[in-house]
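Below: one structure, written as C-alpha cells.
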Amino acid sequence: MSGHSTYVPKHPAAKWLESRLPILGLMHSSFIVFPNPRNLNYWWTFGGILSFMLVSQIITGVVLAMHYTPNSALAFDSVEHIMRDVNYGWLLRYWHANGASMYFFAIYIHIFRGMYYGSYKAPREVLWLLGFIIYLLSMATAFMGYVLPWGQMSFWGATVITSLFSAIPVVGDAITTWLWGGYSVDNATLNRFFSLHYLLPFMIAGVVVLHIWALHVPGSNNPAGIEKKTDKDTLSFHPYFTAKDGFAIACFLVFYAWFAFYIPNYLGHADNYIEANPLKTPPHIVPEWYYLPFYAILRSIPSKLGGFLAMFGAVLILAALPWLDTSKVKSGSYRPLFRFFFWVFVIDAVLLGYIGSKPPEGVYVMAGRILTAYYFIHFLVILPLLSRFEKTKPLPASIADAVLEKTKGSSPALAG
C-alpha cells in the first residue's frame, strides 16, 4: 500500500549509483509500483497530459527564445523572422502558441474533475493548494507570453490588465509603474515580461514536483471518493496506468496536432498580426479564451477597483474550496444536489467565457452581472449550505466493492 521500493539493481553501474544516490529506487517506488485506486477513470489522465504539455511548452519555448528579440522596435519582426526564415519556425511557433490553449484546456478539465470528485478535501488540501499555485503561475506565464509578439492585441491587452493595478489605493500607481518599467507599456515592459515568461515555466516545474510529492503521500482520490483499504482496492502504476495515460496522451496529441497543422490561428485574434500601435486602440480588446470568464467578471463591475477585486477574487476563491465545502462525502456521484449545482456552475463558467468575448454593451452587460453574481453565490452560499443540509447516497464499503457494483450494474447491457 505504501509504494515502498522493491527495486534491486542488477547492473554494477546501477548498484554503484543506487548506493550513493537512490534515484532509481525513488523512481521505481513513485512511478512503477506505486498503488493507485483501481477505479480511476480517464478524467484522471489529464494530470499526465498536463505534465507532457508543460515539458512540450518548455522545450519549444527555449528554442523560440533563441530566435526572438525582446525589443519593442524589433519584437514583431523577429516573430515574422521565426515564421518565415527559421527552419520549421512556423511549426515551433504554432506548436507553442496552440500548446498554451491545449494546456489550459487540460488544466480546466483537471480542475473541474477535482471539484466534482472532491479532490480538494482532507487529506489532500495541500495537494489542492499546490495545484492552485501552478494554475496562478500558469496564468501569469501565458499572459506574459501573449504580450511577446507585440501585436495590437498583445500591446493593448497588456495595457488594460496592468493598468488595473493602479486602482489599488495608495500603492497602485507605484505597482503599475514598476510593472511597466516606466510610465507606459513600452520596451522595458516587454523586457520584463520576456524575462518572467522564460523563468516562470521552470518555477511551475518545481511546484509540479511538490504537487506530485504531495499526491504520493495520501495517494490519488478516486471516483467513489473513499480511501483505499486493502491491496484489492489498488493496482500498480505500471503497467496499468502508464498504458492508460499513454493512450490518453496519444489521443490528445491527435487533437493538438489538428489545431497546430490545420487551424493554427483559430483561437488567436487577427489584430495581433498588426504591429503594436500605442496611438490606435482596437475597437474591441479581447484576451485569450482561457481568461474570458474572468474578463467578463472584471467588466461586469462598474467600479475599476471593484472589477479588479472581483476578477482576482474569482480566481483566489478556488483556493478556499477545502474550507467552503465541508461535506464528509467527497464524490459528486453520491451527492445528488451537489451534482446538479456543479453542472449549473460549469454552464455559468462557460457562459461567462462567452460574455467575455462580446462587447460590453446592451444585454451582455446585464447577463455578465447575473452570471458573476451566481459564480460567487455558488462558492459562498450554495456549497456551505449543501455541506450542512444535503442528504447523500450511501457509500460503497470499499473501492473494490464500487468496481464490482459498477460491473454488475453494466452486465445486463453487456449481455444484450
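So here's what we get for this one:
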{"item": "Conditions (1) under 21 Å from the mean Cα position of the chain (by Cα); (2) modelled with pLDDT under 95: number failed by HIS238", "result": "(1)"}
{"item": "Entirely in segment 278-329, the helices (runs of 4 or more DSSP H) that have 1 or more residues that are aromatic (Phe, Trp, Tyr) and surrounded by fewer than 20 Cβ atoms within 10 Å (Cβ to Cβ)", "result": "304-316, 321-324"}
{"item": "Selected residue (criterion: farthest from the chain's Cα centre (by Cα)) from residues of segment 1-52 that are more than 25 Å from PHE112 (Cα to Cα) and hydroxyl-bearing (Ser, Thr, Tyr)", "result": "SER19"}
{"item": "Test: residue in segment 379-396 that is more than 21 Å from ASN221 (Cα to Cα) and among the β-branched types (Val, Ile, Thr)", "result": "yes"}
{"item": "Options PHE338, PHE345; residue that is in a helix (DSSP H, G or I), more than 19 Å from the chain's Cα centre (by Cα) and of a type in the set (A, V, I, L, M, F, W, C)", "result": "PHE338"}
{"item": "Count of segment 219-270 residues which are aromatic (Phe, Trp, Tyr), more than 30 Å from MET83 (Cα to Cα) and loosely packed, with under 13 Cβ neighbours inside 10 Å", "result": "1"}
{"item": "Filtered residues of segment 76-104 (kept if farther than 26 Å from HIS378 by Cβ, part of a helix (DSSP H, G or I) and either under 14 Å from the mean Cα position of the chain (by Cα) or of a type in the set (Asp, Glu) (or both))", "result": "ASP77, GLU80, GLY99, ALA100, MET102"}
{"item": "Residues of segment 55-89 that turn out to be loosely packed, with under 14 Cβ neighbours inside 10 Å and of a type in the set (S, T, N, Q), as a count", "result": "1"}
{"item": "Unmet requirement for LYS232, which otherwise passes all of (1) part of a helix (DSSP H, G or I); (2) modelled with pLDDT of 95 or more", "result": "(2)"}
{"item": "Residue that is farthest from LYS229 (Cα to Cα), among those in segment 12-46 that are surrounded by fewer than 19 Cβ atoms within 10 Å (Cβ to Cβ) and of a type in the set (Ser, Thr, Tyr)", "result": "SER19"}
{"item": "Pick from segment 335-365, criterion farther than 21 Å from PRO287 by Cα and in contact with a Gly (Cβ under 7 Å, 6 or more places away or on another chain), ranking: surrounded by the most Cβ atoms within 10 Å (Cβ to Cβ)", "result": "PHE338"}
{"item": "Residue in segment 332-341 that is under 17 Å from ALA224 (Cα atoms) and out of contact with any helix residue (DSSP H, G or I) (no Cβ under 8 Å at 6 or more places or on another chain) present", "result": "yes"}
{"item": "Residues satisfying the stated conditions in segment 40-50, i.e. in a loop (DSSP other than H, G, I, E, B) and either touching a Lys or Arg at 6+ places or on another chain (Cβ under 6 Å) or more than 15 Å from PRO239 (Cα to Cα) (or both)", "result": "ASN41"}
{"item": "Residue in segment 183-199 that is loosely packed, with under 15 Cβ neighbours inside 10 Å, under 29 Å from VAL63 (Cβ atoms), under 20 Å from the mean Cα position of the chain (by Cα) and not β-branched (Val, Ile, Thr) present", "result": "yes"}
{"item": "Filtered residue count, segment 368-402, keeping only those that are in contact with a Pro (Cβ under 9 Å, 6 or more places away or on another chain), within 22 Å of SER331 (Cβ to Cβ) and assigned to a helix (DSSP H, G or I)", "result": "2"}
{"item": "Those residues of segment 304-322 which are free of Cβ contacts under 8 Å to residues at least 40 places away in the same chain and more than 20 Å from the chain's Cα centre (by Cα), in sequence order", "result": "GLY306, LEU309"}
{"item": "Residue in segment 378-387 that is modelled with pLDDT of 95 or more, aromatic (Phe, Trp, Tyr) and in contact with a Leu (Cβ under 7 Å, 6 or more places away or on another chain) present", "result": "yes"}
{"item": "Scan of segment 115-142 for residues that are buried (at least 20 other Cβ atoms within 10 Å of the Cβ) and within 20 Å of PRO70 (Cβ to Cβ), ordered by number", "result": "THR141, ALA142"}
{"item": "Conditions (1) under 25 Å from ALA270 (Cα atoms); (2) at pLDDT 95 or above; number of the one not met by VAL160", "result": "(2)"}
{"item": "Complete set of residues in segment 356-366 that are part of a helix (DSSP H, G or I) and within 9 Å of TYR295 (Cα to Cα)", "result": "GLY356"}
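The values are calculated or read from the model by the stated rules, or taken from the named source; none is laboratory data. Remember, it's a predicted structure, so these values are computed and weren't measured experimentally. Positions of Cβ are generated from backbone atoms using ideal geometry, with glycine treated the same way; all protein chains shown enter the neighbour counts.
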